[in-house]
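This report concerns only the one structure given below.
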Amino acid sequence: MATSFTLHEDDIPYNPDGWGPTTVPSQYADIPFAPYEKRAYIGRMADWSARAEQQREQRLARGGKVREAANEAFTAVVDDTEGFELEAKFNAKFLGKKALPIAPMSKWKKNQQANYQGASRWNDQTPVRTRDASVDVRAEWVVKGQVAFPELQKMNLDPPAGEDVYTCGQVHYYDKQFDRITPKSEKALVGTEASFYKVSTSDDPVIARLHGDPANKDVRVYATDAILAVIMAAPRSSYSWDLVVNRVGDKLFLDKRRGSSIDFVTNMETANDFGDDDRDSINNSGQLMREATYINEAFSQQVLVKGDKPVAFNEPRGPFAQHPEEPVAPVCYRYRKFTLGKPPKEGDEDKRVSVLCRCEVDGVMKGMHDEDLFLRLYALNEVDSKLAGGIDWRQKLDSQRGAVLANELKNNSNKLAKWTVQALLSNADLIKFGYVSRMNPKATDSHVLLGTNVYKPRELAPLINLNMSNAWGILKAIVDLCLGLEEGKYLMLKDPNKPVVRFYSVPTDAFDEAEEPEPLPDEDDDGGF
């Protein structure tokens, strides 16, 4: 039963020297003080502002709490109106309103109750998904250092101009009939039997030759465009990845493990809690990567005109084909040199670092003045519109292509950044995107091409919020850190659950017997996955 009392107007004491009562009524002498909330604001005697009340209600609603009395002596029972006699008298005396047992709920409070009605408590929320590292870290490996992504995002360097050192391979012309494809005239995606090579830096015979050439004695760092893109777009990555750093004399070879995850194309990497933890599910991250890799390889070959004479350079079949009968995917390999840093002032030490990088070009097409424009060919693939932002490509690709790309940027920010970096490194003139979707969202046995789009790499970078000055600054920071290590072999590993990259000292024979890459599922006669 609530404590009730009656207080007449004549009983209200007058305090000319301050605020509040001057004495403690006898009926309250033995009742201990307890704040109405557990978190009482010391020093705030009274707050008549409505905003403060709103903030308190918001805090209570976010925590799923209701306002409770801290002492039963002050508990009011709704059905007992006697306990509210003082409030009724105060309203009638000073507000001129009819005394009511319960104050009416404000419109703002009603809205807040509606907004937070379904709010969960903090311990009822879905746990954060824990990802696995791309490689098992052994106990004997020693951490030599680490760098956090927020620090990398502060780095800046003026983008250097690239210099062509050697070019080999060949490319075919792009078939412009694919630019006329729409969702209403979709075209089935056809698989390819061509071989694609993901050769690491130290295994590249051309890099071995260029390393021994006195003309390249100023080069201290050797890498591939895929490896440099992983580093330069690192802050956007969510999945774990790893690179092998070989410090040989004063040279640096940035490598990858055989069967490394960077050989595969990611999909839905930066989407909000997307994917299935079941390894056999078609929406498992590993299955999505294999599907996206297959789609990219198939698209890059299907859109080329194989009958016409290709644009050929040195070693037309490329430097990696092992057998003359082997079908090789036509690729142009450009070995380009970049000098990181500004020229030193007179008398200062030259701290610039030269990097030699193997870059790739996938195709070529004629420009407006009949000039050859080199292409990078990439395929964006739709998984399930209901699970990926609600944008159905078949409905929106023609009328809202910008919205489709924006949604892809949200779900695949890291992939788009790496592709753009690779196109800029290779000095490609254009990036040609293909929009590929599953024929059935719940199956991966067939895909269709719904359309294409083309961008200039330098124009695409700002569209996807890619700051190339920051990307080059990140590369320079990582290179400087690696050049500061002692001679030996190191593993550069992105933490699977934190925005941190760590460097481990590993034995020289580490990864010599690395696992074979997981093969792509068999392709059927229809080119399905």
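Across region 390-397, a minimum of one residue is classified as touching a residue at least 60 places away in the same chain (Cβ under 8 Å) and buried (at least 20 other Cβ atoms within 10 Å of the Cβ).
The set of residues in region 152-163 that are under 25 Å from the mean Cα position of the chain (by Cα) and surrounded by fewer than 13 Cβ atoms within 10 Å (Cβ to Cβ) comprises K154, D158. Does V230 satisfy being under 23 Å from V353 (Cβ atoms) and either not small (G, A, S) or not in a loop (DSSP other than H, G, I, E, B) (or both)? Answer is yes for this residue. If you go through region 348-377 and keep only what is buried (at least 16 other Cβ atoms within 10 Å of the Cβ) and either outside any strand (DSSP E or B) or basic (K, R) (or both), you end up with R358, D362, R376.
For region 176-191, which positions are surrounded by 18 or more Cβ atoms within 10 Å (Cβ to Cβ) and of a type in the set (V, I, T)? Answer for region 176-191, where residues must be surrounded by 18 or more Cβ atoms within 10 Å (Cβ to Cβ) and of a type in the set (V, I, T): just I181. With respect to the stated conditions, S281 fails to be touching a residue at least 24 places away in the same chain (Cβ under 8 Å), surrounded by fewer than 19 Cβ atoms within 10 Å (Cβ to Cβ) and small (G, A, S). With (1) assigned by TED's automatic domain parsing to the domain that holds R334; (2) surrounded by 14 or more Cβ atoms within 10 Å (Cβ to Cβ); (3) over 24 Å from the mean Cα position of the chain (by Cα); (4) modelled with pLDDT under 95 as the list, and Y490 as the residue in question, which single condition is left unmet? Of (1) assigned by TED's automatic domain parsing to the domain that holds R334; (2) surrounded by 14 or more Cβ atoms within 10 Å (Cβ to Cβ); (3) over 24 Å from the mean Cα position of the chain (by Cα); (4) modelled with pLDDT under 95, only one is false for Y490: (4). For region 183-204, taking the residues that are over 27 Å from V404 (Cα atoms), assigned to a loop (DSSP other than H, G, I, E, B) and charged (D, E, K, R), the one that is nearest to the chain's Cα centre (by Cα) is identified as K198.
Surrounded by 15 or more Cβ atoms within 10 Å (Cβ to Cβ) and under 30 Å from L449 (Cβ atoms): which single residue out of Y166, Y173 fits that description? Don't jump to the end; show me each part of the working.
Working: Y166 fails: under 30 Å from L449 (Cβ atoms).
Only one candidate qualifies: Y173.
Of all residues being small (G, A, S) and under 19 Å from M268 (Cα atoms) in region 398-410, which is surrounded by the fewest Cβ atoms within 10 Å (Cβ to Cβ)? Just the residue, please. Restricting to residues being small (G, A, S) and under 19 Å from M268 (Cα atoms), the top hit is G402. The single residue among L416, L449, L387 that is surrounded by 20 or more Cβ atoms within 10 Å (Cβ to Cβ) and either over 25 Å from G191 (Cα atoms) or out of contact with any strand residue (DSSP E or B) (no Cβ under 8 Å at 6 or more places or on another chain) (or both) turns out to be L416. Note on region 335-347: among residues that are assigned to a strand (DSSP E or B) and not aromatic (F, W, Y), the one that is surrounded by the fewest Cβ atoms within 10 Å (Cβ to Cβ) is T339.
Taken together, the residues in region 420-438 that are closer than 27 Å to S185 by Cα and not small (G, A, S) amount to 7. Would you confirm, using the coordinates I've provided, whether A188 is more than 30 Å from K217 (Cα to Cα), in contact with a Pro (Cβ under 6 Å, 6 or more places away or on another chain) and in the same structural domain as T452 (by TED's automatic domain parsing)? No. Of everything listed in (1) of a type in the set (D, E, K, R); (2) modelled with pLDDT of 95 or more; (3) farther than 24 Å from S413 by Cβ, the single unmet condition for E459 is (3).
Restricting attention to region 205-227, the residues being aliphatic (A, V, I, L, M), surrounded by 18 or more Cβ atoms within 10 Å (Cβ to Cβ) and part of a helix (DSSP H, G or I) number 5.
Report yes if A428 is surrounded by fewer than 24 Cβ atoms within 10 Å (Cβ to Cβ) and either of a type in the set (D, E) or in the same structural domain as M468 (by TED's automatic domain parsing) (or both), otherwise no. Explain how you work it out, then say what you get.
Details: surrounded by fewer than 24 Cβ atoms within 10 Å (Cβ to Cβ): no; either of a type in the set (D, E) or in the same structural domain as M468 (by TED's automatic domain parsing) (or both): yes.
When the stated conditions are applied, A428 does not pass them.
Scanning region 288-308 for residues that are free of Cβ contacts under 8 Å to residues at least 40 places away in the same chain and either part of a helix (DSSP H, G or I) or in contact with a helix residue (DSSP H, G or I) (Cβ under 7 Å, 6 or more places away or on another chain) (or both) turns up just one, M289.
The values are calculated or read from the model by the stated rules, or taken from the named source; none is laboratory data. Source: prediction; values computed, not measured. Using ideal geometry, Cβ is built from the backbone for each residue, glycine included, and neighbour counts are taken over all protein chains shown.
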